[in-house]
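Colleague: Here you go, one structure.
The values are calculated or read from the model by the stated rules, or taken from the named source; none is laboratory data. Since we're looking at a predicted model, the values are computed, not measured. Because the Cβ atoms are built from the backbone with ideal geometry, glycine has one as well, and the counts that use them run over all protein chains shown.
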Amino acid sequence: MVAGAGGLRLLELARTARWAGWTLGGLVVWLMATSALSHPDYLPYFNALAGDEPEKVVVDSDLDWGQDMKRLSNRLREAGATQVTFNPFISAYLEAVHGFPPIQPMNPVTPSSGWNAVSLTMLKLARLGLYNEHPEVKLWPEQIKPAQRIGKGVLLWYFPPGGAR
């Protein structure tokens, strides 16, 4: 509403001040360009200034409504994953509907061998299920850089069996 009111004011000013018309036109082009560039991640996109890691600015459910589950499933299938350690924000029928391998619950302190996927909503808002309990505990995904980002809402790691973590 504020942007609309500002746009209307610039449109009124454009009758007498040429700069107002150019400013309004530039802002409209910027809005259209940022929308087009956010494809296909329209739902988690919220601000051009947030950059590639919007979770550093704010996390809410828009970042992860489960829209990346199909992408994650495809990536796990490509990798030949036989299981994944994952505490998803949206957990409904991931194995049956999206073809996930068997899902194991995540330990917030130590990653499991094999594939580990982390929902940014579960990491930032729920602390991987710890919530406000044990604030002294350092979560492993905050200490180890992810190997991949799947869409905007999921981070992915692979730890070889018996490998150092």
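Colleague: What number of residues within the stretch 132-155 are under 16 Å from Asp68 (Cβ atoms), part of a loop (DSSP other than H, G, I, E, B) and out of contact with any Ser or Thr (no Cβ under 8 Å at 6 or more places or on another chain)?
Modeller: 4
Colleague: Could you check, for the stretch 121-131, whether at least one of its residues is in a loop (DSSP other than H, G, I, E, B), modelled with pLDDT of 95 or more and surrounded by 13 or more Cβ atoms within 10 Å (Cβ to Cβ)?
Modeller: Within the stretch 121-131, not a single residue is in a loop (DSSP other than H, G, I, E, B), modelled with pLDDT of 95 or more and surrounded by 13 or more Cβ atoms within 10 Å (Cβ to Cβ).
Colleague: Do we have Asn116 as in the same structural domain as Gln143 (by TED's automatic domain parsing), within 19 Å of Gly151 (Cβ to Cβ), in contact with a Ser or Thr (Cβ under 7 Å, 6 or more places away or on another chain) and among the polar types (S, T, N, Q) here?
Modeller: On the way: in the same structural domain as Gln143 (by TED's automatic domain parsing): yes; within 19 Å of Gly151 (Cβ to Cβ): yes; in contact with a Ser or Thr (Cβ under 7 Å, 6 or more places away or on another chain): yes; among the polar types (S, T, N, Q): yes.
Judged against the criteria, Asn116 is a match.
Colleague: Would a scan of the stretch 17-35 turn up a residue that is charged (D, E, K, R), modelled with pLDDT under 70 and either over 22 Å from Ser91 (Cα atoms) or surrounded by 15 or more Cβ atoms within 10 Å (Cβ to Cβ) (or both)?
Modeller: Within the stretch 17-35, not a single residue is charged (D, E, K, R), modelled with pLDDT under 70 and either over 22 Å from Ser91 (Cα atoms) or surrounded by 15 or more Cβ atoms within 10 Å (Cβ to Cβ) (or both).
Colleague: Give the residue, chosen from Gly66, Gly80, that is modelled with pLDDT under 90, assigned by TED's automatic domain parsing to the domain that holds Leu120 and among the small types (Gly, Ala, Ser).
Modeller: On the way: Gly80 fails: modelled with pLDDT under 90.
Going through Gly66, Gly80 in turn, just one is modelled with pLDDT under 90, assigned by TED's automatic domain parsing to the domain that holds Leu120 and among the small types (Gly, Ala, Ser): Gly66.
Colleague: What number goes with the only condition from (1) within 18 Å of the chain's Cα centre (by Cα); (2) assigned to a strand (DSSP E or B); (3) more than 18 Å from Leu94 (Cβ to Cβ) that Tyr158 does not pass?
Modeller: The single condition Tyr158 does not satisfy is (1).
Colleague: Any residue in the stretch 83-95 that is in contact with a strand residue (DSSP E or B) (Cβ under 9 Å, 6 or more places away or on another chain), part of a loop (DSSP other than H, G, I, E, B) and modelled with pLDDT of 95 or more? Step through it out loud before you land on a result.
Modeller: Our first condition is that a residue be in contact with a strand residue (DSSP E or B) (Cβ under 9 Å, 6 or more places away or on another chain); within the stretch 83-95, this holds for 83-91, 94-95.
In the following step, the residues that additionally are part of a loop (DSSP other than H, G, I, E, B) were identified as 83, 87-91.
Still in the list and also modelled with pLDDT of 95 or more: 83.
Among the residues of the stretch 83-95, at least one is in contact with a strand residue (DSSP E or B) (Cβ under 9 Å, 6 or more places away or on another chain), part of a loop (DSSP other than H, G, I, E, B) and modelled with pLDDT of 95 or more, which makes the answer yes.
Colleague: Name the residues in the stretch 120-147 that are closer than 18 Å to Pro105 by Cβ and either acidic (Asp, Glu) or outside the structural domain of Phe89 (by TED's automatic domain parsing) (or both), would you? Step through it out loud before you land on a result.
Modeller: Of the stretch 120-147, the ones closer than 18 Å to Pro105 by Cβ are 120-123, 125-131, 133-134, 137, 139-141.
Correct list: Glu133 only.
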